[in-house]
Amino acid sequence: MSSLEKVEIPQMSDMSSLERLKSQSDPIESLIYEWAPYIRFDKDEPFLPLAAGCTIIRTPQKSPSSKFELDPGQGTIIEYAIWWDWDIEHLYELEHIWVYLDADGQLEKVEASAHGGKNLMADDAITLPLEDGRITVFSEPGKHANALKADWLINLKEYTIEKCTRTAGSGGVHTSNPFGAEAFGNPSALSHRLAKLYMKRHAFTPTFEFSQYVDLRDIVLVSWEALAAWIPERVKACIQELYQTVPHLAAVCLDSGDTMVDERTEVKDINEVVQQAELIPGAADMVRSLAANGYRLALVADGPRGTFENILGYYDLWKYFEAFAISGDVGEPKPAAIMFETALNAIQIGREDYSHVVMVGNNLERDIKGANALGIISIWISWSDRRSHTPADESEVPDYEIKSPSELIGVLEEIELSLPI
């Protein structure tokens, strides 16, 4: 392997959980260390394995760490359940390599996991995956499916590039196979979003040059029972670190009229309280999607409280908002600073974090000017032509523009990915 680069395993900044795993586990059998494989990785692979839960199997049984039935025949199987903190699409990854030894302790065959399957690591000539006398497999970029040869993975090139770029982070926190959400403390919508953002920031286009390699002897090798007991702790530690290290928006403030509600359809009583109205197409889905992605929502709107209780209550959207700054209650309309401050104070967001808050509204003079004055990120929705589309001056120039509610989630992700680390 002289042409390859043996890489140092990248670690989280908080390595206490991995150190505890290593120090508290019983020694493994020498056979596990002797047959520990090499894994070759793409030159730009960002995620490398940290630990493996190992099992010696000498009788037919179900794999302790996967869905597969294993039969060692007259010999022995060494199962390596290999742990990554990250797959390019989700937090936490387990892949497997099974080394089969015959009755004389000689290498018989190697199987490995790939996309939910278990494949024989041999070509048509039944060539075993050996380099310099050591078992070696190739890891799919980002996804870590195992293969005997680089060519096997190059054949999946288009699929793999798609996973490592456009769909990076799509799985959030992985909560199955074999662990469920409860084991990880039932990760919140925000936890899933932060995991997605982390992986989006690590998206890459694979080179399919497999010049990195990891010797599994260099990672933490323990029993599967020890690894299984440790994994929930590890995932929780990863999630906690995401909250501290991944830049994200603290809140999204939404206007109502011509931002969520079509003002042309409003029916008012004699006190100017709207009794009923239609929503802008896509507005309800926008609010629900914001909540499902863990965004904290605040209503910052001009008018009497009854208007918004009636409309948003009717469409079952009121419940998604944590804070309400309504001019009829506050006593001043936007762009007065007190409107924005009232909403953000209610969810304990201080002035120092306003640069991580977004205001979405249709009115340049009120929504955009008010947000800009406080250093809040301003997003103008230009769906309606009932208000001016021309800023009076620089104070009314929005940071971003969307034409419909359906565009908002994409713009918020763009903003979050641009926030400085």
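The values are calculated or read from the model by the stated rules, or taken from the named source; none is laboratory data. Quick caveat: nothing in here was measured; it's all calculated off a predicted structure. Please note: Cβ atoms are built from the backbone with ideal geometry, for glycine as well, and neighbour counts cover all protein chains shown.
Numbers below:
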item: Lone unmet requirement of (1) in contact (Cβ under 8 Å) with a residue 40 or more places away in the chain; (2) farther than 28 Å from Trp230 by Cβ; (3) under 28 Å from the mean Cα position of the chain (by Cα) for Glu162; result: (1)
item: Some residue of the range 343-355 being in contact with an Asp or Glu (Cβ under 8 Å, 6 or more places away or on another chain) and either within 18 Å of Glu263 (Cβ to Cβ) or outside the structural domain of Val273 (by TED's automatic domain parsing) (or both); result: no
item: Residues located in the range 91-104, provided they are within 15 Å of Pro178 (Cβ to Cβ) and either touching a residue at least 60 places away in the same chain (Cβ under 8 Å) or not assigned by TED's automatic domain parsing to the domain that holds Glu162 (or both); result: Tyr92, Glu93, Leu94
item: When residues of the range 133-145 are limited to those that are in contact with a Phe, Trp or Tyr (Cβ under 8 Å, 6 or more places away or on another chain) and either not hydroxyl-bearing (Ser, Thr, Tyr) or not assigned by TED's automatic domain parsing to the domain that holds Tyr38 (or both), the one surrounded by the fewest Cβ atoms within 10 Å (Cβ to Cβ); result: Arg134
item: Output for the range 341-391, where each listed residue is charged (D, E, K, R) and either at positive phi or at pLDDT below 95 (or both); result: Asp385, Arg386, Arg387
item: Options Leu107, Leu130, Leu148; residue that is within 30 Å of the chain's Cα centre (by Cα), at pLDDT below 95, assigned by TED's automatic domain parsing to the domain that holds Ala228 and more than 26 Å from Ala181 (Cβ to Cβ); result: Leu148
item: Subset of the range 202-223 [among the aliphatic types (A, V, I, L, M) and in a strand (DSSP E or B)]; result: Val214, Val220, Leu221, Val222
item: Any chance Ser65 is within 30 Å of Ala203 (Cβ to Cβ), at pLDDT 95 or above and not hydrophobic (A, V, I, L, M, F, W, C); result: yes
item: Of all residues in the range 3-52 being acidic (Asp, Glu) and farther than 26 Å from Phe210 by Cβ, the one that is modelled with the lowest pLDDT; result: Asp14
item: Unique residue being surrounded by fewer than 22 Cβ atoms within 10 Å (Cβ to Cβ), in the same structural domain as Glu29 (by TED's automatic domain parsing) and among the β-branched types (Val, Ile, Thr) when the list is Ile161, Ile88, Ile77, Ile82; result: Ile161
item: Members of the range 94-123 found to be out of contact with any Leu (no Cβ under 8 Å at 6 or more places or on another chain) and of a type in the set (Lys, Arg), listed by number; result: Lys118
item: Qualifying positions in the range 53-72 - acidic (Asp, Glu) and either assigned to a loop (DSSP other than H, G, I, E, B) or within 13 Å of Tyr100 (Cα to Cα) (or both); result: Asp71
item: Strands (runs of 3 or more DSSP E) contained in the range 86-139 and holding at least 3 residues of a type outside the set (Val, Ile, Thr) and touching a Ser or Thr at 6+ places or on another chain (Cβ under 7 Å); result: 90-101
